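The values are calculated or read from the model by the stated rules, or taken from the named source; none is laboratory data. Because the structure is a prediction, the values reported are computed rather than measured. Note that we place each Cβ from the backbone using ideal geometry, even for glycine, and neighbour counts take in every protein chain shown. Protein only, heavy atoms only, side chains kept; ligands, DNA and RNA dropped before computing areas. Shrake-Rupley method; radii C 1.70, N 1.55, O 1.52, S 1.80 Å.
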Amino acid sequence: MFLSVFDIFKVGIGPSSSHTMGPMVAAARFLSRLRASPFQPHGLRASLHGSLAFTGVGHATDRATILGLAGFEPETYDKDAADAALERIRLEKTVTPDGFGPLAFDPASDLVFDYDTPLTGHANGMRLMATDAQGDVILSEVYYSVGGGFVVTEDELKTGPGEETGPALPLPFSTAAGLLEVCAREGLTIAEVQLRNERARRSGAEIDAGIKRLWEVMEACIARGLETEGILPGGLNVKRRAPAIVRALKEEYGRNLSAPHTIHDWTLAYAMAVNEENAAGGQVVTAPTNGAAGVIPAVIRYWLDHVPGATRDRLPDFLLTAAAIGGLVKRNASISGAEAGCQAEVGSAAAMAAAGLSAVLGANAAQVENAAEIALEHHLGMTCDPVRGLVQVPCIERNGLGAVKAISAASLSLRGSGEHLVPLDACIETMRQTGADMSEKYKETALGGLAVNVPNC
């Protein structure tokens with residue numbers, strides 16, 4: 001299946017694409033199915049399973065599910081309206097999505113965290129139900145949030161993606177080796193191959209506007225994160241650090257005290273700004289997930305602000321290249337921390353960022369593939385072990401280090417010819433196998449690693 005730049009990058013809300021955006025998207029899909037059904041619902045229920053149950057409160061899964069059943073969606077999310085709706089729902093014990101009258105829904109009893117009954121299809125499972133006036137279930141659907149805001153039903157997961165829909169792609173590829181072959185045969189860059197395929201499904205104007213919108217949201221998120229101080233919600237009392245880091249960097253710069261290595265601190269600050277906003281439930285772009293949302297914006301900001309000759313008109317090349325790599329990782333392995341650990345989130349983001357940066361720095365297709373492989377290879381085995389299930393520790397700093405690794409990987413690839421021992425396809429397959437072998441307690445359940453070895457209460 002072709003994954004567009006607008007599949008890999010989506011405007012959404014924090015703190016998690018799989019645990020916040022996904023359940024909200026699933027609720028919207030369920031409401032659409034309910035509207036098309038012959039049933040007259042009286043109430044709604046939901047149960048959360050697996051990772052959605054274990055880390056659901058820390059990831060605001062309960063909030064997202066309630067709001068999704070009330071008709072909220074990530075792309076048009078308004079926090080003030082959402083806060084008011086939640087208060088009303090808890091008082092009145094009803095939700096009123098478009099197309100229905102008031103439907104009974106008491107968050108205290110109709111939203112269940114089921115820790116004992118994992119659903120078999122994926123670690124991030126949820127069941128949504130509609131009931132009649134007697135409380136009997138008249139419609140039920142199981143959804144899996146598979147990472148990056150992508151949601152599939154139980155039947156869709158069993159049957160697979162099916163045949164490609166829409167106009168035929170002019171330059172299809174499903175592996176990195178296949179992508180390099182297309183580039184060589186057609187004399188195109190990776191970004192140009194991705195763009196040719198995008199244009200089979202969307203107009204050039206739509207693509208340009210969409211990419212412009214993605215960067216505007218990323219840039220605005222960095223700006224908010226660099227300006228907003230205070231303590232992040234959730235109870236860990238984690239202090240926002242990005243504003244103070246930038247203030248110190250500016251002061252040192254004015255006094256000519258900056259050491260060369262402090263360029264990394266700028267990159268760290270940009271990434272941490274994004275993930276501090278994400279942890280606070282702000283608007284971010286999945287890149288390819290919320291938990292890894294800071295890596296790519298930070299590398300782009302590093303390139304624009306600190307690399308001579310960088311120009312904004314090359315942003316599409318960066319994001320299209322990154323999307324092509326992200327599509328390969330999602331298609332052939334995973335971008336879900338609950339499925340394969342943080343290697344699938346920050347590791348994937350670092351590979352995408354390294355590819356994008358090397359592309360705008362003049363790398364050929366082989367060097368871009370090498371950059372992505374280097375970045376992903378050196379995240380292999382990384383676990384997802386958020387303290388108290390919050391997307392804060394170690395996630396915020398981890399995005400900063402992922403961005404620094406991505407820059408180093410791009411630089412290293414540009415020092416070579418593109419020839420290297422480990423193909424990106426082999427690295428992606430290794431990541432998939434490592435995720436399959438990884439203990440469940442290290443896959444976004446908050447049952448192992450830092451989550452149990454750091455006091456969090």
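Quick one: is Asn364 at pLDDT 95 or above, over 14 Å from the mean Cα position of the chain (by Cα), within 22 Å of Asp437 (Cα to Cα) and not acidic (Asp, Glu)?
Values: at pLDDT 95 or above: yes; over 14 Å from the mean Cα position of the chain (by Cα): yes; within 22 Å of Asp437 (Cα to Cα): no; not acidic (Asp, Glu): yes.
No; evaluated as a whole, the condition is false for this residue.
Within the stretch 1-15, the set of residues being out of contact with any His (no Cβ under 7 Å at 6 or more places or on another chain) and part of a loop (DSSP other than H, G, I, E, B) comprises Met1, Phe2, Leu3, Ser4, Phe9, Gly14.
Name the residue that is surrounded by the fewest Cβ atoms within 10 Å (Cβ to Cβ), counting only residues in the stretch 120-134 that are under 19 Å from Leu34 (Cα atoms) and among the aliphatic types (A, V, I, L, M).
Ala133
When you scan the stretch 71-85, do you find a residue that is of a type in the set (Gly, Ala, Ser), in a loop (DSSP other than H, G, I, E, B) and at pLDDT below 95, even just one? So far as the stretch 71-85 goes, no, none of its residues is of a type in the set (Gly, Ala, Ser), in a loop (DSSP other than H, G, I, E, B) and at pLDDT below 95.
Given the stretch 248-352, what helices (runs of 4 or more DSSP H) lie entirely inside it while holding 2 or more residues that are under 30 Å from Ser174 (Cα atoms)? Lay out the reasoning, then the answer.
Details: elements: 263-279, 295-306, 315-332, 337-340.
Where helices (runs of 4 or more DSSP H) fall fully within the stretch 248-352 and carry at least 2 residues being under 30 Å from Ser174 (Cα atoms), they are 295-306, 315-332, 337-340.
Of everything in the stretch 382-417 that is assigned to a helix (DSSP H, G or I), at pLDDT 95 or above and of a type in the set (Lys, Arg), the residue that is surrounded by the fewest Cβ atoms within 10 Å (Cβ to Cβ) is Lys405. The set of residues from the stretch 90-102 being surrounded by 12 or more Cβ atoms within 10 Å (Cβ to Cβ) and either out of contact with any Asp or Glu (no Cβ under 9 Å at 6 or more places or on another chain) or under 13 Å from Ala64 (Cα atoms) (or both) comprises Glu92, Val95, Thr96, Pro97, Phe100. Between Glu192, Glu219, Glu206, the distinction of being closer than 21 Å to Pro288 by Cα, among the charged types (D, E, K, R), open to solvent by 50 Å² or more (accessible area, probe 1.4 Å) and in contact with a Lys or Arg (Cβ under 8 Å, 6 or more places away or on another chain) belongs to Glu219 only. Cβ-Cβ distances below 6 Å connect the following pairs, each with a first residue in the stretch 299-312 that is touching a residue at least 60 places away in the same chain (Cβ under 8 Å), a second residue that is open to solvent by less than 30 Å² (accessible area, probe 1.4 Å) and not hydrophobic (A, V, I, L, M, F, W, C), and a separation of six or more residues or different chains: Arg301/Tyr270; Tyr302/Thr267. When Thr117 is tested against (1) at pLDDT 95 or above; (2) surrounded by fewer than 16 Cβ atoms within 10 Å (Cβ to Cβ); (3) of a type outside the set (D, E, K, R), exactly one condition is not met: (1).
When you check Gly12 against the structure, is it open to solvent by less than 40 Å² (accessible area, probe 1.4 Å) and over 21 Å from Lys443 (Cα atoms), yes or no? Steps first, please.
Details: open to solvent by less than 40 Å² (accessible area, probe 1.4 Å): yes; over 21 Å from Lys443 (Cα atoms): yes.
The answer is yes for Gly12.
What about Ala184, is it open to solvent by less than 80 Å² (accessible area, probe 1.4 Å), more than 24 Å from the chain's Cα centre (by Cα) and in contact (Cβ under 8 Å) with a residue 40 or more places away in the chain? Judged against the criteria, Ala184 is not a match.
Within the stretch 115-130, does at least one residue satisfy the condition of being assigned to a loop (DSSP other than H, G, I, E, B), touching an Asp or Glu at 6+ places or on another chain (Cβ under 8 Å) and under 18 Å from Ala323 (Cα atoms)?
Of all residues in the stretch 115-130, those assigned to a loop (DSSP other than H, G, I, E, B) come to 115-123.
Still in the running and touching an Asp or Glu at 6+ places or on another chain (Cβ under 8 Å): 119, 121-123.
So of that shortlist, the ones also under 18 Å from Ala323 (Cα atoms) come out as none.
No - not one qualifying residue is present in the stretch 115-130.
In summary, Glu276 fulfils each of the numbered conditions (1) modelled with pLDDT of 95 or more; (2) under 23 Å from Phe6 (Cβ atoms) with the single exception of condition (2).
Any idea which residue in the stretch 135-154 is least open to solvent (accessible area, probe 1.4 Å), counting only those that are over 13 Å from Glu339 (Cβ atoms) and of a type in the set (S, T, N, Q)?
In the first step, residues of the stretch 135-154 are kept if they are over 13 Å from Glu339 (Cβ atoms); the result is 135-143, 149, 151, 153-154.
Right, trim to of a type in the set (S, T, N, Q) and you get 140, 153.
Working: Ser140: 48, Thr153: 12 Å².
Applying the filter and picking the extreme gives Thr153.
Listed by first and then second residue, the pairs linking a residue in the stretch 418-433 that is closer than 10 Å to Glu373 by Cβ to a residue that is of a type in the set (S, T, N, Q) and part of a helix (DSSP H, G or I), with Cβ atoms under 7 Å apart and 6 or more places separating them unless they lie on different chains, are His420/Asn370; Ile428/Asn332. Restricting the stretch 353-379 to residues that are under 14 Å from Ala410 (Cβ atoms) and not in a helix (DSSP H, G or I), which is least open to solvent (accessible area, probe 1.4 Å)? Once the filter is applied, the top-ranked residue is Ala363.
Restricting the stretch 53-70 to residues that are open to solvent by less than 10 Å² (accessible area, probe 1.4 Å) and part of a helix (DSSP H, G or I), which is nearest to His122 (Cα to Cα)?
Step one: filter the stretch 53-70 for residues open to solvent by less than 10 Å² (accessible area, probe 1.4 Å), giving 53, 55-56, 59, 61, 64-69.
Still in the list and also part of a helix (DSSP H, G or I): 53, 61, 64-69.
Values: Ala53: 13, Thr61: 16, Ala64: 19, Thr65: 18, Ile66: 21, Leu67: 23, Gly68: 21, Leu69: 22 Å.
My answer is Ala53.
Taking the residues in the stretch 418-457 that are under 19 Å from Gly50 (Cβ atoms) and of a type in the set (A, V, I, L, M) as candidates, determine which candidate is surrounded by the most Cβ atoms within 10 Å (Cβ to Cβ). Ranking the qualifying residues of the stretch 418-457, first place goes to Ala451. List the pairs whose first member sits in the stretch 21-43 and is within 22 Å of Gln134 (Cα to Cα), whose second member is exposed (fewer than 12 other Cβ atoms within 10 Å of the Cβ) and of a type outside the set (Phe, Trp, Tyr), and whose Cβ atoms are under 6 Å apart, counting only residues at least 6 apart or on separate chains? If the second residue must be exposed (fewer than 12 other Cβ atoms within 10 Å of the Cβ) and of a type outside the set (Phe, Trp, Tyr), the pairs left are Arg35/Gly99; His42/Ala133.
Taking the residues in the stretch 303-334 that are hydroxyl-bearing (Ser, Thr, Tyr) and buried (at least 24 other Cβ atoms within 10 Å of the Cβ) as candidates, determine which candidate is nearest to the chain's Cα centre (by Cα). If we take residues in the stretch 303-334 being hydroxyl-bearing (Ser, Thr, Tyr) and buried (at least 24 other Cβ atoms within 10 Å of the Cβ), then Ser334 is nearest to the chain's Cα centre (by Cα). Within the stretch 16-50, the residues that satisfy the criterion of being assigned to a loop (DSSP other than H, G, I, E, B) and either open to solvent by 10 Å² or more (accessible area, probe 1.4 Å) or among the basic types (Lys, Arg) (or both) are Ser37, Pro38, Phe39, Gln40, Pro41, His42.
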